[in-house]
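The values are calculated or read from the model by the stated rules, or taken from the named source; none is laboratory data. The model shown is predicted, which means the values in this text are computed figures rather than measured ones. So basically every Cβ, Gly included, is an ideal-geometry build from the backbone, and we count neighbours across all protein chains shown. With ligands, DNA and RNA removed, areas are computed over all heavy atoms of the protein, side chains included. Shrake-Rupley method; radii C 1.70, N 1.55, O 1.52, S 1.80 Å.
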Amino acid sequence: LGGGAAAFFVMQGGGAAQAAEGADAEKLGKLMPIESFIVNLNESKSTRYLKITFSVELASDEYENEIRDRKDIIRDRCLTYLSGLSVDDVRGSETKPVIKQALAQAIDDGLNADGAIKNVLLTEFVVQ
């Protein structure tokens, strides 16, 4: 199976080169780690926690200092969003893109900027 896949890509002529060109077209923005969050999930019958750590990909380097300067505002926005989540909201891989998008929006709101965050990259996600 592996040899067949390799032959397919070789016979396609330049598949790796085309993939590299596509990667160059979308340059990775500056990555900035965000301090971990530990929040109580919104569960009335039990006490459940979420620990989440992530980095953000900046649309422009100019936002780096602004994120540092507005750290408390950004953390407040993220904590408010995360503490409103239930266990069902964080269970399974299909919930992660929704959470990542909401965190990006919360940070953009804290910066008073639309599109400052290109991507949220989860580095730790634990529910207890």
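Against the test of being open to solvent by 40 Å² or more (accessible area, probe 1.4 Å), touching a strand residue (DSSP E or B) at 6+ places or on another chain (Cβ under 8 Å) and at pLDDT 95 or above, the options VAL126, VAL90 yield a single qualifying residue, VAL126. Determine which single condition LEU31 fails, assuming it passes every other condition in (1) at pLDDT 95 or above; (2) more than 23 Å from ASN119 (Cβ to Cβ); (3) open to solvent by less than 90 Å² (accessible area, probe 1.4 Å). Just one mismatch for LEU31, condition (2). For the criterion of being of a type in the set (Lys, Arg), surrounded by fewer than 17 Cβ atoms within 10 Å (Cβ to Cβ) and in contact with a strand residue (DSSP E or B) (Cβ under 9 Å, 6 or more places away or on another chain), LYS96 passes. For the range 36-87, taking the residues that are open to solvent by 20 Å² or more (accessible area, probe 1.4 Å) and aromatic (Phe, Trp, Tyr), the one that is nearest to ILE99 (Cα to Cα) is identified as TYR81. Taken over the range 77-98, the criterion of being among the charged types (D, E, K, R) and over 14 Å from the mean Cα position of the chain (by Cα) is satisfied by ARG77, ASP88, ASP89, ARG91.
Contact map, the range 69-92: first residue touching a residue at least 60 places away in the same chain (Cβ under 8 Å) and at negative phi, second residue in a helix (DSSP H, G or I) and surrounded by 12 or more Cβ atoms within 10 Å (Cβ to Cβ), Cβ cut-off under 9 Å, separation 6 or more or different chains; the map is empty.
Put simply, of ASN112, ASN65, ASN119 the only residue that is in contact (Cβ under 8 Å) with a residue 60 or more places away in the chain and more than 26 Å from THR47 (Cβ to Cβ) is ASN119. The one condition from (1) at pLDDT below 95; (2) farther than 19 Å from VAL127 by Cβ that LEU58 does not meet is (1). For the range 101-118, filtered to residues that are within 15 Å of GLY29 (Cβ to Cβ) and not hydrophobic (A, V, I, L, M, F, W, C), the residue that is surrounded by the most Cβ atoms within 10 Å (Cβ to Cβ) is ASP108.
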